[in-house]
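I have placed the structure first, in the form of structure tokens, so that the comments after it can refer back to it.
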Amino acid sequence: MLKAVIFDFDGVITDSEILHLRAFNEVLSQYGIKITTKDYYKIYLGLTDVECYKLLIREGGLKIGEEDIESLIDEKQGIFEKLVLTEGQTIEGVRDFLRMLEQNNVPMAICSGSLLSEIELILEEAGLRSLFEVIVSADQIRKGKPDPEGFILTLQRLNQSRQEPIRPEQCIVIEDSHWGLEAAKAAGMHTIGVTNSYEAEELRMAEKIVGRLDELSMGDLQQLCV
């Protein structure tokens, strides 16, 4: 039986991946580095900001010490927040899907590689913050996706206020990348892939794949958790 739906954020609820890339590149421009759109979606999208900067350092392009990463994260966050206020938007079909879950009393949570402040800002601007019982972000975990740590923590927090715990197999995770799908499967949860960032072929490990969330019915969701 379905007891909860856990969402990735960027590329699932909001179309902000390209804003992250622009913010990254504005920060990196002072070091003469630019991440191409192709490389971002192929290599960096599944990483937290910390992991992204560490990888750039290991590859030799970003010539700073790891102790300087925090200042780059703060700089990128400021740029990203300005972009969100002018260009951020909710992906088409998301609001109707969230409304359906709310009407059916399905608990909702977010497990994302973004920072909490970024997630909160976008949700508040969109008027959606109250729908999510739990938000687990990059600054609350040690290992990003495909490690299942974030999803495990999300479920633990969902269960803090419940007498009857929700089990992993009673959760559906909605993701737009193979990193997120791998993490959800490793956490023992059911999976739906949405083709906002990658083609269906790259999301084939998902139990169900859709083009937009409002294609899904409550029957579709319940069937995954039988």
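The values are calculated or read from the model by the stated rules, or taken from the named source; none is laboratory data. From a predicted model like this one, the values you see are computed outputs, not experimental measurements. With ideal geometry, Cβ positions are generated from the backbone for all residues, glycine too; neighbour counts draw on all protein chains shown.
A few comments on the model shown:
- Consider segment 86-98 and keep the residues that are among the polar types (S, T, N, Q) and within 18 Å of VAL194 (Cβ to Cβ). The one that is surrounded by the most Cβ atoms within 10 Å (Cβ to Cβ) is THR90.
The rows are residues; the columns are (1) in contact with a strand residue (DSSP E or B) (Cβ under 7 Å, 6 or more places away or on another chain); (2) closer than 20 Å to ASP96 by Cα.
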| position | (1), (2) |
| --- | --- |
| PRO146 | no, no |
| PHE151 | yes, no |
| GLN160 | no, no |
| ILE172 | yes, yes |
| THR191 | yes, yes |
| GLU207 | yes, no |
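- Only residues that are in a loop (DSSP other than H, G, I, E, B) and within 18 Å of the chain's Cα centre (by Cα) were counted across segment 32-62, and they come to 4.
- Any hit, segment 9-24, residues being free of Cβ contacts under 8 Å to residues at least 60 places away in the same chain and not aliphatic (A, V, I, L, M): yes
- Extreme residue, surrounded by the fewest Cβ atoms within 10 Å (Cβ to Cβ), among residues of segment 1-31 that are over 10 Å from the mean Cα position of the chain (by Cα) and hydroxyl-bearing (Ser, Thr, Tyr): SER29
- Residues within segment 80-94 that are modelled with pLDDT of 95 or more and part of a helix (DSSP H, G or I), tallied: 1
- Just so you know, in segment 141-161 the residues that are surrounded by fewer than 16 Cβ atoms within 10 Å (Cβ to Cβ) and modelled with pLDDT under 95 include one that is farthest from GLN222 (Cα to Cα), and it is ARG142.
- Of everything listed in (1) surrounded by fewer than 16 Cβ atoms within 10 Å (Cβ to Cβ); (2) more than 18 Å from VAL5 (Cβ to Cβ), the single unmet condition for LEU83 is (1).
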